[in-house]
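**Student:** Could you have a look at this structure, given as structure tokens, before my questions?
The values are calculated or read from the model by the stated rules, or taken from the named source; none is laboratory data. Since the structure is predicted, the reported quantities are computational estimates derived from the model, not experimental observations. We place every Cβ from the backbone using ideal geometry, glycine too, and count neighbours over all the protein chains shown. To get the accessible areas, we keep the full protein, side chains included, count just its heavy atoms, and leave off ligands, DNA and RNA. Shrake-Rupley method; radii C 1.70, N 1.55, O 1.52, S 1.80 Å.
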Amino acid sequence: MKIKQLAYGAIVIASLFTNGIAKEKFFVVERESSSLAVIENGLPTNHMQNMHNMNHGVLKFYDNDAYLISRDGYIMRFNPKTEKKLNEYKTSKSAIGFVIAKNYVAVANYDDKSVDILSRDLKPIEKIKTGSRNVGIKVYKNYLIFSEMDNDSIAVYKNKNSAKEKPNFVLYKEFKDVGVMPFDAMIKGDKYINGFFQSPWFGVVDLDTMKFEKIQLKLGDRKPVLKVPHFGFWSISDSQVFIPAVGDNKVFVYTPDFKFVKAIETKGLPVFTALSPNKKYLAVTFSGKDFPTIQIIDTKTLKVIKTFTFDGKVLHLRWSKEKPQLYVSVNDSNKVVVLNTTKGWWINREIFTIKKPSGIFIYNSTEEK
């Protein structure tokens with residue numbers, strides 16, 4: 001009897017370990033195989049198939065829904081707990097970014113040069129035709145903001161209806177000639193911040209006053225850009241803003257009101273600047289010959305404290321919010337490397353059987369949202 005009780009107890013403990021302790025579920029874009037890998041407790045548990053072209057797959061969560069866009073213009077909704085697809089809708093031949101609000105989803109399209117407004121269950125509501133590839137799409141209050149790459153402009157649309165009604169967007173403000181070829185944007189509070197391929201500044205829109213400002217960058221001799229630097233909310237803390245330079249081996253540091261602090265020299269041309277949950281460290285990825293390398297910057301000293309070089313291109317990384325770990329997708333080696341981020345910075349484990357990984361996205365699998 002005691003043996004049976006002990007065995008049952010072991011099963012309960014194992015079940016708690018696998019199902020209850022780890023809150024984070026990692027979804028990893030498998031770039032070449034139209035699939036998403038799922039990692040829990042440091043182990044691969046599933047490969048979600050038939051997710052269309054994942055060459056630039058982007059995943060976001062809202063409440064208990066997961067939304068994913070594919071490079072070939074599909075947006076999909078699935079349950080992140082059961083990992084079952086619920087529905088999908090094709091907005092265009094090529095989609096690049098999207099945002100989720102309480103009562104709508106907005107998708108920025110490259111090819112057919114539009115922005116699609118959909119219901120939360122992906123029923124079409126409205127198509128905003130811009131005549132441009134659209135990037136850097138964000139939401140602020142009842143505004144929808146995005147950059148028009150081919151028009152060198154930033155558009156602000158206002159929802160005339162309440163959050164309980166079907167959205168009805170009208171053009172509210174357009175900022176023209178803001179810079180040549182805007183490519184991405186981030187938002188912090190009421191500030192919309194975007195970068196440009198061919199202008200030596202970044203732009204800031206104050207969404208409360210609807211005023212635009214150019215912030216000059218201290219660039220050296222610019223090099224050819226092989227991969228677009230990506231902005232994101234993870235590059236902003238309460239006291240610092242980190243901007244990856246376009247065509248220069250630097251990460252720029254600014255105050256929240258955009259006073260220049262420092263240009264941190266890096267090993268290569270930066271792509272991602274990812275801030276740790278405690279805001280103590282910044283992880284930087286690179287393009288070109290430095291694709292296999294990441295560097296860690298101490299945000300207090302603003303110095304590079306660690307460099308890792310892997311056996312393949314690093315396409316993305318993500319800090320765990322639950323454990324002192326950094327997940328790194330090493331594309332050529334079909335693996336995700338987990339770094340321990342406590343004192344010493346060492347490789348905790350390598351997770352294999354992840355096919356051509358790129359984007360890493362985290363869902364908190366036990367807390368209701």
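**Student:** Would you compute, from DSSP H runs of 4+ residues alone, the mean residue ellipticity of the chain at 222 nm, taking -39500 (n - 2.57) per run and dividing by the full residue count, rounded to the nearest 500?
**Tutor:** Details: 1 runs with 15 residues, N = 369.
Result for the chain, helices only: -1500 deg cm²/dmol.
**Student:** Apply the Debye scattering formula to the stretch 117-218, with a single equal point scatterer on each alpha-carbon and no solvent, then give log10 I(q)/I(0) at q = 0.17, 0.19, 0.21 Å⁻¹.
**Tutor:** At q = 0.17, 0.19, 0.21 Å⁻¹ the computed log10 ratios are -0.75, -0.91, -1.08.
**Student:** Rounded if a/c is under 1.5, else prolate if a/b beats b/c, else oblate: with a ≥ b ≥ c from the C-alpha gyration tensor eigenvalues square-rooted, which is the chain?
**Tutor:** It is oblate, given that a/c is not under 1.5 and a/b is not larger than b/c.
**Student:** Continuing with the same structure: Give me the percent of accessible area attributable to carbon and sulfur for the chain, probe 1.4 angstrom.
**Tutor:** Working: 8750 of 16510 Å².
Of all accessible area on the chain, carbon and sulfur atoms account for 53 percent.
**Student:** Sort the stretch 283-369 into rounded, prolate or oblate with this rule: let a ≥ b ≥ c be the square roots of the eigenvalues of the Cα gyration tensor; rounded if a/c is under 1.5, and if a/c is not under 1.5, prolate when a/b is larger than b/c, oblate otherwise. Don't skip to the end; give the middle numbers.
**Tutor:** Working: a/c = 1.74, a/b = 1.08, b/c = 1.61.
Because a/c hits 1.5 or more and a/b fails to exceed b/c, the stretch 283-369 counts as oblate.
**Student:** Here's another thing I want to ask about it. Going from the alpha-carbon gyration tensor of the stretch 256-308, what semi-axes, largest first and in whole Å, does one get by taking the root of 5 times each eigenvalue?
**Tutor:** On the way: eigenvalues 74, 34, 21 Å².
The equivalent ellipsoid of the stretch 256-308 has semi-axes of 19, 13, 10 Å.
**Student:** Of the listed pairs 300/321; 102/191; 113/214; 141/303, which have alpha-carbon separations greater than 30 Å here?
**Tutor:** Correct reply: 141/303.
**Student:** Under a 1.4 Å probe, what is the accessible area of the chain per residue, stated in Å²?
**Tutor:** 45
**Student:** If you don't mind, there's one more thing I want to ask. Ignoring ligands and nucleic acids, what accessible area does residue 171 show with a 1.4 Å probe (Å², nearest 10)?
**Tutor:** 90
**Student:** Given H placed on each backbone N at 1.01 Å, which residues far from residue 181 in sequence or on other chains put an amide H within less than 5 Å of it?
**Tutor:** 152
**Student:** Which net charge results when you count Lys and Arg as +1 and Asp and Glu as -1 among the other residues whose beta-carbon is under 12 Å from that of residue 305?
**Tutor:** +4
**Student:** Please work out how much accessible surface residue 126 shows to a 1.4 Å probe, ignoring ligands, DNA and RNA, in Å² rounded to 10.
**Tutor:** Counting only protein heavy atoms, residue 126 exposes about 50 Å² to solvent.
**Student:** Counting Lys +1, Arg +1, Asp -1, Glu -1, what net charge surrounds residue 44 among other residues with beta carbon under 11 Å of its beta carbon?
**Tutor:** 0
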